[in-house]
Amino acid sequence: MAASRTDRLRAGAGSISEWLTDRTDDIADKISDFYRGADEVPPKPNDLAGKVAAAGREAGRAKLRDAVGVTGLAAGAVVGAGDGAVEMARGLPGAARFTLRLLNPVDSFISPRGEAAWDQVVDTSAGLAAKALDAEEYVAKDPRGAFATGVQWARDKRREIDPNATPVAPTLKGEFLRNLNVGRNDGRLIAELAPYALGVGELEAAAPLTAVARAARVDKYIQQGFSAEKAEYLAQPYGGMGHHSVIPRRARLPDFLGGGPVPQAILDSPFNVVKPANMTRGDFYELHYGVDPYFKGTRLSGPPRRGGGWSGKRLGLQRYNAPQRLWYGTPNATRQAVAVAGILGPFGSGED
Amino acid sequence: MKGYAYAECTSNLPPDPREEDDEVTPGGRGAANAIAQILRALGYRVEGPTDEGDHGWDLNAFVERKRIWLEVQGDSDEFWLQSEAMVGFFGRMLGADLSHYRDLMQRLNQALGADPRFKEIRWFETRRHQPVGDPLPAPPL
């Protein structure tokens, strides 16, 4: 089962990377076209009013460049995380289980504080960043030493992963592409670091549901009013499509992108789907009901008979409020991509 | 005018055939097929039903280029029907004309009421997509 999920992850991540990569230039051109004229710098005025107006225009251009840059960085991180997930799955068989933990939105809740899969990823990245910054002091003391060579590598690496380490591009398109490449490197680095953040033993920690836990679930569903047969069915691991969180399946592309269905690679990517590993059907339906106001219930397996499906309303379940929906209903991969962007943001700021 | 409608329905359609551990084929296919058939008979262009996993079966009906999304969840003998005028975020904010949606839903409700395959259609007022209050005989749009 883990292998097939890993294959799915690899295929999905690869497809997303390809889809976005193929369209990079198109997207950059569309942004450039949309803000046509923003890259043009008028001649410098001599009078005071003209200078004030020019300063205002330049401030507006800088803000626009920042916004386009952030968009590029975020898109690049998605692509890079996809690349990294592909490499990770290809190179390390044991990473499959860890990947499942990364994609498991409840991992953050069931793991001890600071020990969730993504905590390990983020800690490792932050640790490496801190070491790279300390190294500057050692190089100053011994500029010709072997350590300096390593630091040069780190500097090169930093240019690859830190948007503040290279100059801002003069055009919006250039700035989008510059940040896209940096974001892509960031995403790949984070995803590739993940297995190294944990020991092999830790990779084994994502165990399937134990027999005791499963028996407790069967009892829970019987208490909810289901027959023993249906409770047994509900206590089995969930294997459905999951909850499409960021882009719902009913969505279509905007007209300027053709208006057709959203590509499957994007819809079913780990960044869009909440599908916890090792969660029972019954528990997943409850989670799905909590986070998705469009999910009312579903039928249950077994011989055809009238009624008797799973209904959140019939069970008296409550929908989550908006902050809870955001927390429980956002895929871990997406949530952590945002967190990583927050960590990488201050990396090296004020040094250039 | 509201762009979302929700109903709880029962029908004379048989429950969908299913197998043990069947998570591949969601319930409600028979009901979704029947609704698609009705909408086509009313003259609408209809895409689907498509398999949407836990969400059941989706249909998209079109009035020229305007899309109306319908979804059947549950099973064919007892199911939930929800629909939405897909006018986009800005369309909703700017108060897009939804008369095409109201017309379709009213015609669908009449057709379902006249179709012997469907027993009871209970429409509800909704708040944040959740049914509130007593059942109504027609979609409150």
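Since every read-out is calculated from the coordinates, none of them should be taken as a lab result. Keep in mind that this is a model prediction, so the values were computed, not measured. Virtual Cβ from ideal backbone geometry, glycine too; neighbours counted across all protein chains shown.
What the table shows:
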{"quantity": "Chain B, helix-only ellipticity at 222 nm - DSSP H runs n ≥ 4, -39,500 (n - 2.57), divided by all residues, nearest 500", "calculated": "-7500 deg cm²/dmol"}
{"quantity": "For region B:87-128: Kirkwood Rh in Å [reciprocal of mean 1/r, alpha carbons]", "calculated": "12.5 Å"}
{"quantity": "Amide H within-cut-off set for A:GLY239, under 5 Å, with H built and near neighbours excluded", "calculated": "none"}
{"quantity": "Values of log10 I(q)/I(0), in the order q = 0.10, 0.14, 0.18, 0.19 Å⁻¹, for region B:12-141 under a Debye, Cα-only, solvent-free model", "calculated": "-0.33, -0.64, -1.06, -1.17"}
{"quantity": "Packing-based order for A:319-330, B:75-86, using average beta carbon neighbours within 10 Å, highest first", "calculated": "B:75-86, A:319-330"}
{"quantity": "0 to 90° range, to nearest 10: angle between helix B:29-41 axis and chain B longest Cα axis", "calculated": "40 degrees"}
{"quantity": "Distance (nanometres) between label positions extended 7 Å along Cα→Cβ at B:ALA96 and A:ASP66", "calculated": "3.3 nm"}
{"quantity": "Nearest-ten-degree value, helix B:99-114 long axis tilted from longest Cα axis of chain B", "calculated": "30 degrees"}
{"quantity": "Average beta-carbon neighbours from other chains, 10 Å sphere, peptide B:77-89", "calculated": "3"}
{"quantity": "Region B:1-77, dipole about Cα centre (Lys/Arg Cβ +1, Asp/Glu Cβ -1), debye to the nearest 20", "calculated": "880 debye"}
{"quantity": "Cα→Cβ-extended label distance, 7 Å offset, between A:ASP22 and A:ARG214, nm", "calculated": "4.1 nm"}
{"quantity": "Subset of A:LYS275/A:LYS296; B:LYS2/B:LYS66; A:LYS230/A:LYS296; A:LYS30/A:LYS173; A:LYS51/A:LYS173 violating a 20 Å alpha-carbon distance limit", "calculated": "A:LYS51/A:LYS173"}
{"quantity": "Partner chain coverage, peptide A:288-298 - average Cβ within 10 angstrom", "calculated": "6"}
